[in-house]
Amino acid sequence: ITLKSKVSNCKEEKHKGILKQGFYKEFLDEIIPLSLFCIKHYPDNYRITPIIGNQGYDAIVKDVYGNIVDYLEITSPCDGFKEAKNSKLVVERGIGEIEIYDFGDPFKDLFPFIINSCKKKYQGDAFEYSRKINTIVATINAQFLSVEK
């Protein structure tokens, strides 16, 4: 039995995941996008260390010798209020709001949100942010990428 099947079979845990409560928020918003990005962009022998908190970056990438190669910032442009409201509907009635999208060029439409998200993060400690961050990983909502039953 996998962890995924255990969570899927437990109504309470499944609802916590949908609502992004507890560790599910960091897991879904940071760890999964970070993992997917790193698998594609770094060699297998690099060490990726996620950093959870408000330190201005979300992960440190080290090469096989322990040298820091990159600091990563994960950002996910979204309407958090709308997403939370929709998640509550899914938990309450089993289905959320239905929206129809024109996928044309989704990144063109997301670009202003990505810039805004980066600016918000930059306002915290501008020196620390500009000194450390080498790569910004902009993610899009997983619902656009696949549907799994």
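Where residues in region 49-62 are modelled with pLDDT of 90 or more and touching a Lys or Arg at 6+ places or on another chain (Cβ under 8 Å), which of them is surrounded by the most Cβ atoms within 10 Å (Cβ to Cβ)?
Selected residue: V61.
Which one is nearest to I32 (Cα to Cα) among residues in region 59-82 that are in contact (Cβ under 8 Å) with a residue 40 or more places away in the chain and acidic (D, E)?
This residue is E73.
Which condition number does I32 fail, the rest of (1) in contact (Cβ under 8 Å) with a residue 12 or more places away in the chain; (2) among the β-branched types (V, I, T); (3) farther than 26 Å from F111 by Cβ being met?
Status for I32: all satisfied but (3).
Take I39 and tell me if it is open to solvent by less than 70 Å² (accessible area, probe 1.4 Å) and at pLDDT 90 or above.
So I39 does not fit the description; no.
The values are calculated or read from the model by the stated rules, or taken from the named source; none is laboratory data. Only a predicted model underlies this, so the values are computations on that prediction, with no experimental measurement involved. Counting neighbours? That spans all protein chains shown, and the Cβs are built from the backbone with ideal geometry, glycine included. To get the accessible areas, we keep the full protein, side chains included, count just its heavy atoms, and leave off ligands, DNA and RNA. Shrake-Rupley method; radii C 1.70, N 1.55, O 1.52, S 1.80 Å.
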